[in-house]
Ligand code: DGL
């Protein structure tokens with residue numbers, strides 16, 4: 001059994017890198033739904049439908065444990081998949097997201113108990129971070145800011161441009177204007193680690209910016225430790241198979257900015273067929 005890592009596109013590679021840095025021994029299958037990204041502006045039903053197709057496809061490749069690296073998919077589709085679909089797809093199969101591990105970690109970072117979340121429109125509209133932090137740490141106030149221009153800028157290789165600088169400044173200012181006491185900011189989107197330094201430059205000293213790769217990796221390690229029945233089934237060859245729903249050439253060209261170990265990888269294309277991915 002391999003561990004599946006799913007994202008709407010390339011951003012999940014930042015999460016996969018965090019996971020592989022900590023857990024290099026396992027075998028992974030990465031699926032990027034690049035042909036249908038971005039998910040961040042799509043409706044609940046669409047994100048749910050696409051994510052379910054990806055989950056079924058990863059399961060057909062032997063991934064009984066799947067990480068939804070995409071925040072939008074975790075926020076909009078994970079609960080429905082866990083409650084409605086997994087009982088039917090196999091009781092032993094697991095799908096985990098990135099919101100919960102982040103929420104569990106955030107309490108240890110903030111002293112002011114004012115936390116900011118930067119994310120896609122879809123994740124912010126779902127209010128998942130506010131709801132989940134509220135359940136675990138009701139004393140923390142959460143301020144969310146949608147950053148709709150960041151994913152297109154990063155995907156188009158414009159992360160360091162003047163245009164990006166304008167939009168980074170715009171959304172960070174809008175977040176800080178909501179509450180000057182924010183001392184911890186969650187990057188609640190797979191792409192944002194690429195511009196972490198530019199975000200940090202705009203913030204007062206002492207404000208922590210949290211990327212999810214390491215947090216998700218620690219959480220997965222803990223999960224495997226607690227679920228020995230799953231851990232023993234995971235194969236350990238240190239391999240990664242990459243799949244994309246877009247062109248292989250495009251994936252090879254654009255994936256490099258998201259992770260450092262993308263040279264000499266082999267990528268295969270997954271086709272849409274009938275009611276799913278083939
Ligand atoms: N992967 C998405 C997320 O983390 C960002 C890209 C998209 O909108 O599809 O929310």
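Every number here is computed from the coordinates shown, using simple stated rules; none is lab data. Being a predicted model, the structure only gives us computed values, none of them experimental. Every residue, glycine as well, gets a Cβ built from its backbone with ideal geometry; the counts of neighbours run over all protein chains shown.
Quick look at the numbers
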| quantity | calculated |
| --- | --- |
| Count of segment 196-218 residues which are surrounded by fewer than 22 Cβ atoms within 10 Å (Cβ to Cβ) and part of a helix (DSSP H, G or I) | 9 |
| Odd one out for residue 38, checked against (1) over 20 Å from residue 251 (Cβ atoms); (2) surrounded by fewer than 24 Cβ atoms within 10 Å (Cβ to Cβ) | (1) |
| Subset of segment 242-278 (residues that are within 18 Å of the chain's Cα centre (by Cα) and not in a loop (DSSP other than H, G, I, E, B)) | 242, 243, 244, 251, 254, 255, 256, 257 |
